[in-house]
1. Quick check on packing: order 281-291, 234-244 by the mean number of other C-beta atoms within 10 Å, highest mean leading.
2. Along the three principal axes, how long is the range 149-304 when you take its alpha carbons, biggest first, rounded to the nearest angstrom?
3. Return the lysines within reach of Lys114: Cα separation strictly under 23 angstrom, same-chain partners fewer than 8 residues apart disregarded; answer none if there are no such residues.
4. Within the accessible area of the range 19-219, what % is carbon and sulfur when the probe is 1.4 Å and the other protein chains stay in place?
5. What FRET efficiency comes out for the pair Glu217/Leu59, r = Cβ-Cβ distance, R0 = 45 Å, nearest 0.05?
6. In degrees from 0 to 90, rounded to the nearest 10, what is the angle of the helix 92-112 Cα long axis to the longest principal axis of the chain?
7. Stokes-Einstein D for the range 82-169 at 20 °C, 1.002 mPa s, Kirkwood Rh over Cα pairs, in µm²/s?
8. With every protein chain present, what is the per residue accessible area of the chain (1.4 Å probe, Å²)?
Amino acid sequence: SQKNDENGNCSGEGIEFPTTNLYELESRVLTDHWSIPYKREESLGKCLIASTYLARLGLSDSDENCKRFMDRCMPEAFKKLLTSSAVHKWGTEIHEGIYNMLMLLVDLVAERVKQDPIPVGLLSVLTMAFNPDNEYHFKNRMKVCQRNWAEVFGEGNMHAVSPISTFQKEPHGWLVDLVNRFAELGGFSAIQSKLNSEDIELGAISALVQPFGVCAEYLNSSVVQPMLDPIIHKMIKYVQNVEEKDLKDKRLVSIPELLSGIKLLCMRFQPDLVTAVDDLRLDILLRMLKSPHFSAKMNSLKEV
């Protein structure tokens, strides 16, 4: 393992995290007057590439600086790039740069989600990146795909597609690119195998479902539905069987969030179950509200 150069950059097989870039990035992101670099050779790009490399080696969580980047600086950077009202003032070059940063984010999450523990924080950043309603995707909703995904997956086997009915209007091609890239790197398969594992916690299931829930209308049902249907049914059954004594369990705070993700999937894949899921959401909230446990009551009120 070679030493980094004086700028803290990875060279050759060196696997140290570029701390100099991290400090620079923090000073630019975690401030009111922020300016976030959007080129591969700049701080955000370098930190994302280094994190992906460490994740591939199973070291991203044990490297202190990498973890600091993934937990704090990176989510804030993407939140500002995707949801700030400033998005609408930026020129084409910046938007294309952000697209490249999002691709690097997808590379990182796809690599990290193959390992344990399930990266709940990273998945929430991916959910933000896959949300067609954020400012960035709204601004770029007329863009078409940058790659021909039929060549990658075969005709009709893409994981995400532009909706036929609105194709003339809003292809959302860049979003479709991100979801298909995640699939190409094995992200979908990794999430499927995690969802099928026996001892998975409710919060982790919710985290794994959310990215698909937000972009459900762009998913190709013939490819994705067989993968998600079993989990939809399994989770509905699980929530139906929750007993009173379970309501005090802190882990159950994830149920309302999980059900809202499941509802979004049902609207796309199982429309006949939407009402049942809504009823289940209200039922569990009412039960939490009636529960003698203070935290259950408060979580229910927050959700209502």
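The values are calculated or read from the model by the stated rules, or taken from the named source; none is laboratory data. Just so it is clear, the structure is predicted and the values come from calculations on it, not from any experiment. Because the Cβ atoms are built from the backbone with ideal geometry, glycine has one as well, and the counts that use them run over all protein chains shown. Calculation scope for accessible area: heavy atoms of the full protein, side chains included, ligands and nucleic acids excluded. Shrake-Rupley method; radii C 1.70, N 1.55, O 1.52, S 1.80 Å.
1. Going from most to least packed, we get 281-291, 234-244.
2. Here the spans come out as 56, 34, 24 Å, largest first.
3. Reachable lysines: Lys46, Lys67, Lys194, Lys234.
4. 48 percent
5. 0.75
6. Tilt relative to the chain: about 60 degrees.
7. Answer, rounded: 144 µm²/s.
8. In whole numbers, the chain has 49 Å² accessible per residue.
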